[in-house]
Structure formats: structure tokens, C-alpha cells
1. For segment 109-127, enumerate the residues that are farther than 21 Å from D73 by Cβ, part of a strand (DSSP E or B) and touching a Gly at 6+ places or on another chain (Cβ under 8 Å).
2. Tell me, yes or no, whether segment 71-93 has at least one residue that is under 14 Å from V17 (Cα atoms) and open to solvent by less than 30 Å² (accessible area, probe 1.4 Å).
3. Which of the residues that make up segment 50-70 are open to solvent by less than 60 Å² (accessible area, probe 1.4 Å) and either β-branched (V, I, T) or assigned to a loop (DSSP other than H, G, I, E, B) (or both)?
4. Determine, yes or no, whether H39 is open to solvent by 60 Å² or more (accessible area, probe 1.4 Å) and either polar (S, T, N, Q) or farther than 23 Å from P95 by Cβ (or both).
5. So, in segment 18-36, how many residues would count as being open to solvent by 50 Å² or more (accessible area, probe 1.4 Å) and among the polar types (S, T, N, Q)?
Amino acid sequence: MATFSVDTDGHTAVHDVTDRVRDALPADAAGTCTVFCEHTTAGLVVNEAERRLLGDVEAFVEGLAPEGGWAHDDLDGNAASHLRALLLGTSVTVPVADGDLALGRWQSVLLVECDGPRTRTVRVIAE
């Protein structure tokens with residue numbers, strides 16, 4: 001298992017972590033790789049890392065749950081971030097062959113920040 005950190009740069013932001021995941025794989029890895037974000041207000045997805053699409057993803061994620069009016073907001077004001085991350089999920093599983101991610105042509109592993117800016121920890125488990 002390998003771990004790396006991602007410093008996010010906005011309240012809602014998408015970061016392509018594909019190369020970081022790839023670098024974390026053992027050279028002889030084969031089978032699957034689970035990429036896990038150990039936070040409740042960020043998620044992981046597989047999608048295209050095209051600049052305009054990343055902006056669209058940020059706007060889409062912000063629209064998943066409106067800010068304010070949630071019971072959890074009485075505690076720390078970030079219920080919408082938790083709800084958005086809940087829909088994204090905390091992990092993705094990607095096939096691995098010959099020590100490399102077996103992603104489709106336009107696929108990338110993306111960390112989606114819902115409550116930043118923060119430092120996020122990502123774990124890579126090759127199986």
C-alpha cells in the first residue's frame with residue numbers, strides 16, 4: 001500500500017491524480033488497484049481530465065446539494081460537502097496490467113474536493 005497527499009486549491013475542485021496513482025504501483029502489479037480517499041468531504045471518480053470538463057464537474061458537484069439548511073450545519077457548516085461526497089464515493093477500482101493502470105483512452109483518476117482547500121490523503125492498494 002502506498003499513500004500520497006493532495007493539496008486542493010478551492011472549495012470545490014477537481015484534481016487529476018492519475019500519475020500519482022500510477023507512480024504508487026509496484027512495477028510488477030497485476031490485477032486491480034483500489035484508490036481510496038480517507039475523507040468524508042472528498043471523493044474519487046474515473047472520468048476525462050479535459051480542462052473544460054473539469055470545470056463542468058465542479059459546477060455539477062456544487063449543484064448536487066444546496067448550501068445551508070442541513071442539521072449538520074449546526075455543528076460545522078459543511079453538510080452540503082458531506083452529501084456531495086456521499087454521492088461521489090470514497091474509492092475507485094482500476095484494472096492493472098504489467099505495473100500500469102489499464103484505463104481507457106480518455107479515462108483518468110480524479111480527486112473531487114467538496115470542502116476545500118485542504119490537504120487530502122489518498123491510499124493506493126494494489127491487489
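The values are calculated or read from the model by the stated rules, or taken from the named source; none is laboratory data. In this text the structure is predicted, and so the values were computed from the model without any measurement. No Cβ is skipped: glycine too gets one built from the backbone with ideal geometry, and neighbour counts run over all protein chains shown. We work out accessible area using only protein heavy atoms, side chains counted, and drop any ligands, DNA or RNA first. Shrake-Rupley method; radii C 1.70, N 1.55, O 1.52, S 1.80 Å.
1. Answer for segment 109-127, where residues must be farther than 21 Å from D73 by Cβ, part of a strand (DSSP E or B) and touching a Gly at 6+ places or on another chain (Cβ under 8 Å): L111, A126.
2. Yes - at least one qualifying residue is present in segment 71-93.
3. Passing the criteria: E50, V57, V61, A65, G68.
4. no
5. Result for segment 18-36: 1.
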